[in-house]
Structure formats: C-alpha cells, structure tokens
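What follows is one structure encoded as structure tokens, with my remarks underneath.
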Amino acid sequence: MARPGFTATADRIRAAAGQAAAAAEGAGGLGLGAVATTISQSLRGTRSAAAAAELAAAWDTAVSTWSADVAAHAQRLTDSAGTYQTNDTEAANRFRTGLHRAR
Amino acid sequence: MVSVADIRAWRPDELDGAFDALAARRDRLIGLDDELAAARAPHGWTGAAATAAIAAHDALAERARRLVAGISAVRRATGEISDAVLALQRALGEAEHLARAYGFAVSGSGTVSDVHPPSSADEAVQRERARVRAEVVDRLEQILRRASDVDADFAAVLGRAARGEIDDGTGPSLAGASATGEGAGDLSTIGPPPDGTAADNAGWWAVLSDEERRALIDRDPTVLGHLDGLPAAVRDEANRARLAGERAALLAERNRLQADLDDNWFGGTFTNADAALDQVNAKLAALDRIETTLSQPGERQLLLLDLAGERAEAAVAVGNVDTADHVAVFTPGLGSTVDGSLKDYDRDMEQLQRQAQYESKRYGDGGSVATVTWIGYQAPQPALGGWNPFGNPLSSDSVVHDDLARAGGSDLAEFYRGIDASRTTDPHLTALGHSYGSTTTGFALQEQTGVDDAVFFGSPGLGTSHVEDIQVPQGHTYRIEARNDVVADAGQFGIDPTYVDGVTGLSAREETLPDGRRLAESTGHSAYLAQDSTSQYNISVVAVGLPDRRVEDDGRGLGDVTSWPVPGTY
C-alpha cells in the first residue's frame, strides 16, 4: 500500500491536470480571428485592413495551438501522476517481499 | 494611400461591435486565470519531472498572457480608431456640405470639381468661390493626413499583436497582462499642420475626436490659443488657461531682471535689462487688463494672447464669434497697446455690439452680433511720452512707414479667414479699421479673406489708391471722415480715401434719422465709435448688413483740398 503523502501528491498532480484540461477547453472556440476579420472588413483600403487580416490568422492559430498544447500538458500531468503512484506502489511491494523472506 | 472613397466606406459601427466582442473574449480568457494558476505542478512534487512540468506550464502561461495583452491592445486601438473614423467622416461631411453649398463636388479620389458654376460673372462671387474651393481642398488634405496617420498607428498595433510583441508586464496573472497590454493600444493624436493656414487648422481640428480635443486643450493650450481656424470657444478656453502660467513666467523674469539691475553698479546703463524690465512690466499690466476685460458683464472671448513680441498682443470678442450671425473685427492704430488701450476699445466694442444688435432686431434679420477688438500686431507707438506721434521716422516701426501695417495685415487676413473657416456657416463679416489700423485693415483686405463689408475711419490711407484692390464685394467699402481729423487727410498710404473711387462716404455729422433718433457729431480723430454718434450708427448698420439704412456724407473739409491727388499720379 502506498504511503499517504505520496498518494496526496499524486492526487494533487491529477487535480492540476484537471485544471489544465479545463483551461484548454475554456479557450476553445474563442472566435478571435472572426473579430479581427470584422475589423479588416470595416476599414477598406487601409494598411490596417491587411494587418487585421493577418492578425485574424495569427490569433486563430495562436488560440488553437495553445489550447492543444495545454490539453497535451494536462495529459502529461495525468500520466505523471499515474507513473508517480505506480512507482511508489512497486517500491513498497518490493520492500514487503523482502520483509517476508527475512522472517 | 487612403482615399476619400475609402473613408466614406469605413464602418465605425462594426468597429464598435468588434470593440465589444474583443472585451468579451478577453474577459473569457482572463476567467481562466484560476485554472491556469491551479494547473501548475503542486507543492510537494519534486524531482526532474516536476521541474520539467513547471517549465512547461510557465511557458504556456506566458503565451496566454501575451495573447491577452494583444487582445487588450487591439481592443483599445479599435475603440480609438472607431472614434477617429467617426470624426473623419464628420469632417468629410462638413467639407462636402461646404463644397455643395458653393456648387462644387468632391470625388472619391479627393478632387474638387466645379459642377454648378454660377451664372453671375460678379468678381466678388468668383473670389468667394475660389476662397471656398481652397478651403475645401485644405480640409480634404487634413482629412487624408489624419486618415493616413491613424491608419499607420492602428496597423502597427495590429502587427505587433499578430507577432505576439505586445508587452504583457511582469506579473503572473492574465488580468495583469491585460492591463499592461491596453497601454500599447493607445493611438497617437496627430498635431496641427506645420505653418498651416486657417483652413488647414480648421480641417485638422475637425478630424480630431472629442476625447482628443479635450486632451489637447488640457495639455497644450499654448498651441491652440493662437491657431486661426479653431472655434472661438476653444481658443478662448485655451488662452484663458494660459493666463496664470504666463503671469508666473513674467513675474519670474521680472525678478531676474530686477536682480540683475540691483547687482550691477551701473544699473542698466550698459545692458538692456532696464528696457527689458519695462517690457515685462507692460506685459504684466496687459495681463491685468485682459483679466479685467474678461470679467466685464456680458460674454467675452479671448481669441488671441501673444506675449512673444515687444508688446503684448491680444484679441477680445464681445459676444460669441462661433454663433453670431454678424461679426465685426475692429483694428486700432497708432499707440494701441493691450495694457493701455484694451479697456476703452472693449467698451467701444460692447457699445457697438449693443447698437448693432438693436439695429438688427429693429430693422434687420434679427441676427446676433459679436464684435472683436483685434490688437494682434505691433502697432506703431509715439515717442517722448506721446509728444512725438511719429516716433523715429528713420525706423521702420514709425507710423510714417507701412511696414507694421503690412506685417499686421498679413496676420489680420488670416484672423478673418479663421473666423469663416472655424464655422460650418460663414457669418456676415465686417472689417473695421481706424487710423493706422485702417491701413493694416487695407493691406489685409488685399488678400482673399471672406470679409463682406469694410469700414475705414480716420484713415491715412488704405494701402492702395484703388478700391478694386480691396477684396470685398463691390459697393461694400466705406469710409468715414470726421471734421477736423487731419489724419484722415494725410493720404500717407495711398491717396486720401476720400478720393478713392468706389468707396462710399458715411456721415460723422449730427443727424436725425427717419425714425426720429438724433445722433451726435464726431469731431477730430478719436471719436468715431462714440456712443450715439452718427459715425457709430453708420458702422453698426453696415455691420449687421443694413447698408441701405446708412447716412451718407462725403466728409470733405478744408483738409481735403490739400490732399486732392493729382490725376495720373497714382
């Protein structure tokens, strides 16, 4: 059986992963690029219109990649929590096995 | 390059919508602040994996902060450009309205074409149309200048946001990044056109948003106060705001000069400190006089305050020049100073305004009247405490030369043009010139100014001997010569105005009007504006566009015999 401190840490890592996943989901579908496109279409014939069109693409890319990267980060945290607890349990089992043999 | 057609097509309401949409998206991201903070590696997790997780989290958080900072910057800039577009379209609408009123059309490329030329070949009409066309062109130049400037600013903000270059500050939160980023979205306010004409200045002012105008008045009143073409209310507020600071600067200068004199065993014998001190004291007295004048009952506007020259210059209006239907600008002559003359001239202008207002209501269009005392030039000064009215005749500053009148006339012409340019509808504008000030006025009116009527009184010459040079409508140039006014017979700057063909003589004699009013005679050189005088009455009816009610007189006396110009010599 894992020690209580290790279990608590693993749980906290899982909680952090959950928060990261929530952040990734919260940023999804933000529609920033659409707003920049509106700006571009409102200012015909300007340098700003061209710049706003570029911004629309840049923002959409930035949001989607950030959201995906945060989701991946959440998954890595979840994986780390599992590995962290598994390693501790295996180590504990090895010690218990050694103790029985000594008796 | 932005065109007029582009500006017409811009959509500020959609920009407002984008402004609101960006706020909503920014707030949604800021709402993730707690989740993002809680996603960091927990306390108690140590080792290489924990260190790597923290680094990855911090990098993701920084990307989020950059994004939020960019949104805030773009949002603020979008709000500002929306205001700017509204101001630009408003200014364009005013320019197009002015163009249409005079038969011109503004194309999408910004050219001004004559689509309804008048059937009249009247030279005054042609001059007025040429002046208005030039004003429309100047206004369009300022509109396009502002449009290009604000476009460049906005495009720069958008570009920095796209590249993730908007500074997000040093704090860990998204809210903090938003606040920092917003500062990067401030678009610059374009300054007035360098050496701009009155129409340039009016065009520049027209394209600023209300917020930009307010900020400029608060921040830079010195620049605004002397810009012909700006609304009178703006100039008044800006110039009034300067009074305390100008006084403090003059007091400091006075203390410095006095200390110099006190420390110098020879006083001001070998320096100019004593003369400079006299000038500073006179300017302080001018500020006193201006403040006293502005506190008089009734509306006053301080349209000009310039302390850079040897003597203070100022212009004070009685009434509201922005809204008055009739505006008369009075330019005085020899010996005029702000500290010494403004009190009496302002009283004269207040009385003239009341008289003109009465005539307007009783017999005219009922329109409102504003009168202006313009001491906006260095008028010649007598010497030896007034005993020598000519000053040093070898100096170009002497009253016997026209140098000061020419220089003042140039500024006065711009002041006239500024009154028309500052308003969406031109007032009926009358130029009044007395003594050497009539010569200054004469030089001013040899330019296109928009002045509708001119009255010269006690004039030593109009700066020309030919009425055709005075660019007001034909038949709208008047003179008044009182009995025993030797200056009016001098013919120093052009021939005696009495003999200038096409200039109508108005009476300064005792008269009884058809409605029974009795008016007093003015005699000598300095009573033309006396209350209840025929001279003042005549000036008032011209000033409110009632020349048919004038009382004519050729004003000829003995002096006019000697001032008769020999035909063919002028």
Which numbered condition B:D426 misses (of (1) outside any helix (DSSP H, G or I); (2) surrounded by 23 or more Cβ atoms within 10 Å (Cβ to Cβ); (3) within 16 Å of the chain's Cα centre (by Cα)): (2)
Every residue from segment B:478-524 that is crowded, with 24+ Cβ neighbours inside 10 Å and part of a strand (DSSP E or B): B:Y478, B:R479, B:I480, B:L506
Condition met for B:A155 (within 30 Å of B:E62 (Cα to Cα), within 14 Å of chain A (Cβ to nearest Cβ), aliphatic (A, V, I, L, M) and not in a loop (DSSP other than H, G, I, E, B)): yes
Those residues of segment B:527-570 which are part of a loop (DSSP other than H, G, I, E, B), modelled with pLDDT under 95 and within 16 Å of B:E481 (Cβ to Cβ), in sequence order: B:D553, B:D554, B:G555, B:R556, B:G557, B:S563, B:W564, B:P565
B:S209 of a type in the set (G, A, S), within 14 Å of chain A (Cβ to nearest Cβ), in contact (Cβ under 8 Å) with a residue 40 or more places away in the chain and within 23 Å of B:L15 (Cα to Cα): no
Count of segment B:8-28 residues which are among the aliphatic types (A, V, I, L, M) and over 18 Å from B:A77 (Cβ atoms): 1
Filter pass, B:I81 being touching a Pro at 6+ places or on another chain (Cβ under 9 Å) and either facing chain A (nearest Cβ under 8 Å) or of a type in the set (S, T, Y) (or both): yes
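Here is a yes/no grid of residues against (1) without any contact (Cβ under 8 Å) to a residue 12 or more places away in the chain; (2) closer than 22 Å to B:Y537 by Cα:
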{"position": "B:E468", "(1), (2)": "no, no"}
{"position": "B:H476", "(1), (2)": "no, yes"}
{"position": "B:R479", "(1), (2)": "no, yes"}
{"position": "B:I495", "(1), (2)": "no, no"}
{"position": "B:V500", "(1), (2)": "no, no"}
{"position": "B:P514", "(1), (2)": "yes, yes"}
{"position": "B:R518", "(1), (2)": "yes, yes"}
{"position": "B:G524", "(1), (2)": "no, yes"}
Total residues in segment B:81-106, condition assigned to a strand (DSSP E or B) and more than 11 Å from B:R139 (Cβ to Cβ): 2
The lone exception for B:T180 - which of (1) within 14 Å of chain A (Cβ to nearest Cβ); (2) over 17 Å from B:S3 (Cα atoms); (3) of a type in the set (S, T, N, Q) it fails: (1)
Segment B:2-61 - residue that is of a type in the set (F, W, Y) and facing chain A (nearest Cβ under 7 Å) and, of those, surrounded by the most Cβ atoms within 10 Å (Cβ to Cβ): B:W10
Filter pass, B:G103 being surrounded by 14 or more Cβ atoms within 10 Å (Cβ to Cβ) and on the phi > 0 side of the Ramachandran plot: yes
Top-ranked residue of segment B:62-76 - restricted to ones that are among the charged types (D, E, K, R) and more than 7 Å from chain A (Cβ to nearest Cβ), ranked as farthest from A:W59 (Cα to Cα): B:R76
Residues of segment B:183-201 that turn out to be away from chain A (no Cβ under 13 Å) and either in contact with a strand residue (DSSP E or B) (Cβ under 6 Å, 6 or more places away or on another chain) or not hydrophobic (A, V, I, L, M, F, W, C) (or both), as a count: 13
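The values are calculated or read from the model by the stated rules, or taken from the named source; none is laboratory data. Keep in mind it's a predicted model, so treat the numbers as computed, not measured. So basically every Cβ, Gly included, is an ideal-geometry build from the backbone, and we count neighbours across all protein chains shown.
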